[in-house]
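The values are calculated or read from the model by the stated rules, or taken from the named source; none is laboratory data. For clarity, every value in this text was computed on a predicted model and none was experimentally measured. Every residue, glycine among them, receives a Cβ derived from its backbone with ideal geometry; neighbour counts consider all protein chains shown.
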Amino acid sequence: MRQRLPTISRPGFLSKGERIIRGLIRSERLIPYWMLAPLLVGLAILVYSPMIGTFALSFLRYFWNKPQQPIRWAGLNNYIDIFSESLFWQAFGNTIVFMIVSTGLSVLIGLGLAVMFDRKFPGKNVFMTLILLPMMTAPVAAALTWKFLFDGQWGAVNYFVNVMGIPNQAWLASPKLALPAIMVADIWLYAPFVFLVMFASLQALPQEPMEAARIDGGSRWQIFTRITLPLLVPNFLLIIVIRLMDTFRVFDFIYIMTNGGPGGKTETIGFLSYERTFRHFNMGQGSVIAIFILVVVLLISWYFIRILQKGLLEQVR
Amino acid sequence: MTKRNFTLNSIGKWTVFYIGLICAVFFFVFPIFWIVTTSLKHRVDVYTEKPVLLFSITWQNYQRIFELHDFGRYLLNSFIVATSVTLIIMYFGALAAYALTRWRIQGYNWVSLAIISARMFPPIALLPSFFLFASRIGIVDTRRVLIFAHATYGLPFIVFMLAGFFRQIPRDLDDAALIDGCSYFRLFNWIMLPSVAPGLAATAILSFIWSWNEFLFALVLTRASSKTLPVVISEFIGFVQVDWQGLTAMATILLLPSIIITFATQKYLVRGLTAGAVKG
């Protein structure tokens, strides 16, 4: 019988470098690192280096449409300019309002629907599928849909409003109504996801505490507010953090529906950052806003990151 | 005890319940219904005072966007990008999840933190310098750079999800294969990947939809020849007179995969999320 000789038996034919590389490839201890390498290298190129890069850019005076102009050190000037600009604070205010209202309403609607579906009734699956329909919709398609529905001339929303006796409105061109209209679109897109998560958490709750309370004579409302809701708090927090993060950096809806108008009434800081960087070509100022968004999002998401990390840790053990 | 008596009171309650339900369904379904039907309408039925529900169907709008606006080419772009992203995420996501669940890794805390927190960095904060980097090395407006960005940004979440699937596979399976002389490469490709097939299916759906829907990366990183559908649609809005017929046709095409997937997976969507929880 022919036997294969072990291939490592002739180290003399390899240069030192080759030997080290071969050793690295063969070594069993390094296997997991090779497996993680593509992901970590990708993240380094796409996420971590650009992060540092954007931070550095925020200290420069750099217009990338004018390559002949020298890049100058600006120190904190970009920060001073941005933080003393009223449009920035207006955008920040809009973003906060958008964030709180959108998150609040989508969580309430999601929870309400989850409670409604937490029982048996005919047609349950069909209704559920229909409600989940917007969940995977592209934000651009959702924004476009609502832009059309809210159109001042041909929009269907005006028709429904007329039925209720209110005259036609130019929703997205109105300083008062534009932001709420965008909120409606945002809630439409994301409430189904909240609903799905809340429904799943409701189903997963242990039934014993509720049963015990029912036997002790608690009313439905009491049971719901005193037992069910407190049990749902961890899920609540998680979904609220996800929603806060997403709404704080809202971009697609603004870009498609209003472009920040009318008169900056729907300007958000995500959109402002894009405008500065890619429409005014002002890398420095755009980066300052980008860094600001990053810091806020990381502050909001810190809790979320810790939970996810814990989950991943548990999976190893 | 809990037997339901159909008294007047309970009929009233159920009526209220169904009215609420139908309102909710109307709110969530009508916009999609409206977009899809509008894309099939003649001009006279779109620009009207009252919404038209009964109309004769036309495919003109679709014909027009494909013939006049070269829509097929961008559709192909979107499809190529989303498919490549899906394949890359599936393979490398599984690879990373496998490594994270099977080995004790030096600096585990830092690696997992680096992976998980990557998803929290808003794209708008990465794009200024990533865009400069990409344009410096001349890959802006190629499908490659968009595929890279979508795949990398989408990976962390998938790694997290797949780790859950790998955890359920007993380690004995690895050991048996290794003792039989299987290499790690073959072990992973031929034994591990097939055994997390349900996880990979979920990954495929989520990755495809993520890349297909994504707007901001695509908007910044593609200019002309490699544009994807969301970017094309956003540009089309900017025309002087908003062409709602063409736009609704484009939006319908953009919506199609997500609607198909929602209907096809509706059982698993709910059951998948709840089943795991019920067992726990």
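The criterion of at least 1 residues that are touching a strand residue (DSSP E or B) at 6+ places or on another chain (Cβ under 7 Å) is met by the following helices (runs of 4 or more DSSP H) wholly inside segment A:205-317: A:283-316.
Of all residues in segment A:111-146, those that are surrounded by fewer than 24 Cβ atoms within 10 Å (Cβ to Cβ), more than 7 Å from chain B (Cβ to nearest Cβ), in contact (Cβ under 8 Å) with a residue 40 or more places away in the chain and assigned to a helix (DSSP H, G or I) total 4. The condition (being under 16 Å from A:Ala200 (Cα atoms) and among the hydroxyl-bearing types (Ser, Thr, Tyr)) is satisfied by just one residue among A:Thr145, A:Thr129: A:Thr129. Considering only residues in segment A:86-122 that are among the hydroxyl-bearing types (Ser, Thr, Tyr) and within 17 Å of the chain's Cα centre (by Cα), the one that is nearest to A:Ala290 (Cα to Cα) turns out to be A:Thr95. Would you be able to say whether some residue in segment B:8-23 is in a helix (DSSP H, G or I), of a type outside the set (Lys, Arg) and under 26 Å from A:Lys147 (Cβ atoms)? Taking every residue of segment B:8-23 in turn, at least one turns out to be in a helix (DSSP H, G or I), of a type outside the set (Lys, Arg) and under 26 Å from A:Lys147 (Cβ atoms). Taking (1) surrounded by fewer than 15 Cβ atoms within 10 Å (Cβ to Cβ); (2) more than 30 Å from A:Thr258 (Cβ to Cβ) in turn, B:Leu200 satisfies each apart from (1). From (1) in contact (Cβ under 8 Å) with a residue 12 or more places away in the chain; (2) over 24 Å from the mean Cα position of the chain (by Cα); (3) more than 12 Å from every other protein chain (Cβ to nearest Cβ), pick out the condition that doesn't hold for B:Tyr62. Going through the list (1) in contact (Cβ under 8 Å) with a residue 12 or more places away in the chain; (2) over 24 Å from the mean Cα position of the chain (by Cα); (3) more than 12 Å from every other protein chain (Cβ to nearest Cβ), B:Tyr62 breaks only (2). When the residues of segment B:200-237 are narrowed to those that are touching a residue at least 40 places away in the same chain (Cβ under 8 Å) and of a type in the set (Gly, Ala, Ser), which ends up farthest from the other protein chains (Cβ to nearest Cβ)? Looking at the filtered set, the residue picked out is B:Ser225.
Identify, please: which residue in segment A:198-207 is surrounded by 19 or more Cβ atoms within 10 Å (Cβ to Cβ) and facing chain B (nearest Cβ under 10 Å) and is, among those, farthest from A:Pro139 (Cα to Cα)? Step through it out loud before you land on a result.
Let us first name the residues in segment A:198-207 that are surrounded by 19 or more Cβ atoms within 10 Å (Cβ to Cβ), namely A:198-202.
Of the ones still in play, those that are also facing chain B (nearest Cβ under 10 Å) are A:199-202.
Values: A:Phe199: 23, A:Ala200: 24, A:Ser201: 26, A:Leu202: 28 Å.
The qualifying residue farthest from A:Pro139 (Cα to Cα) is A:Leu202.
Among the conditions (1) under 30 Å from A:Val296 (Cβ atoms); (2) without any contact (Cβ under 8 Å) to a residue 24 or more places away in the chain; (3) not in a helix (DSSP H, G or I), B:Val140 misses just one, which is (2). All of (1) more than 11 Å from every other protein chain (Cβ to nearest Cβ); (2) under 30 Å from A:Val41 (Cβ atoms) hold for B:Ala97 with one exception: (1). Scanning segment B:183-238 for residues that are more than 18 Å from the chain's Cα centre (by Cα) and among the charged types (D, E, K, R) turns up B:Arg186, B:Arg223, B:Glu235. Could you please give the count of residues in segment A:254-289 that are within 10 Å of chain B (Cβ to nearest Cβ) and at positive phi? Residues in segment A:254-289 being within 10 Å of chain B (Cβ to nearest Cβ) and at positive phi: 1 in total.
On inspection, B:Phe160 qualifies as aromatic (Phe, Trp, Tyr), at pLDDT below 90 and buried (at least 19 other Cβ atoms within 10 Å of the Cβ). Considering every residue within segment A:263-283, establish whether at least one is in contact with a Lys or Arg (Cβ under 6 Å, 6 or more places away or on another chain) and not charged (D, E, K, R). So far as segment A:263-283 goes, yes, one or more of its residues are in contact with a Lys or Arg (Cβ under 6 Å, 6 or more places away or on another chain) and not charged (D, E, K, R).
Can you spot a residue in segment A:154-177 that is touching a helix residue (DSSP H, G or I) at 6+ places or on another chain (Cβ under 7 Å) and either under 27 Å from A:Ile240 (Cβ atoms) or modelled with pLDDT of 95 or more (or both)? Yes: one or more hits.
Among the residues of segment A:248-255, is there at least one that is more than 15 Å from the chain's Cα centre (by Cα) and modelled with pLDDT of 90 or more?
yes
Pick out the one residue from A:Ile52, A:Ile45, A:Ile20 that is within 29 Å of the chain's Cα centre (by Cα) and surrounded by fewer than 14 Cβ atoms within 10 Å (Cβ to Cβ).
From the options A:Ile52, A:Ile45, A:Ile20, the qualifying one is A:Ile52.
Does B:Ile147 fit the bill of being assigned to a loop (DSSP other than H, G, I, E, B), under 19 Å from A:Leu46 (Cβ atoms) and within 13 Å of chain A (Cβ to nearest Cβ)? Taking the combined requirement at face value, the residue does not satisfy it. Could you say whether any residue in segment B:39-50 is within 11 Å of chain A (Cβ to nearest Cβ) and closer than 18 Å to B:Pro257 by Cα? Scanning segment B:39-50, I find at least one residue that is within 11 Å of chain A (Cβ to nearest Cβ) and closer than 18 Å to B:Pro257 by Cα, so the answer is yes. Of all residue pairs spaced 6 or more apart or on separate chains, none has beta-carbon atoms under 7 Å together with a first member in segment B:10-28 that is facing chain A (nearest Cβ under 9 Å) and a second member that is at pLDDT 90 or above and outside any helix (DSSP H, G or I).
Quick check on my filter: what residues within segment B:65-78 are assigned to a helix (DSSP H, G or I) and more than 14 Å from every other protein chain (Cβ to nearest Cβ)? Of everything in segment B:65-78, those that are assigned to a helix (DSSP H, G or I) and more than 14 Å from every other protein chain (Cβ to nearest Cβ) turn out to be B:Phe66, B:Glu67, B:Leu68, B:Phe71, B:Gly72, B:Arg73, B:Leu76, B:Asn77. Among the residues of segment B:211-225, none is identified as crowded, with 23+ Cβ neighbours inside 10 Å and over 19 Å from A:Ile256 (Cβ atoms). Residue pairs whose Cβ atoms lie under 6 Å apart, sitting 6 or more positions apart in sequence or on different chains, and linking a residue in segment B:112-129 that is at the interface with chain A (Cβ under 7 Å from one of its Cβ atoms) to a partner that is among the basic types (Lys, Arg) and not in a helix (DSSP H, G or I), are B:Pro122/A:Arg249.
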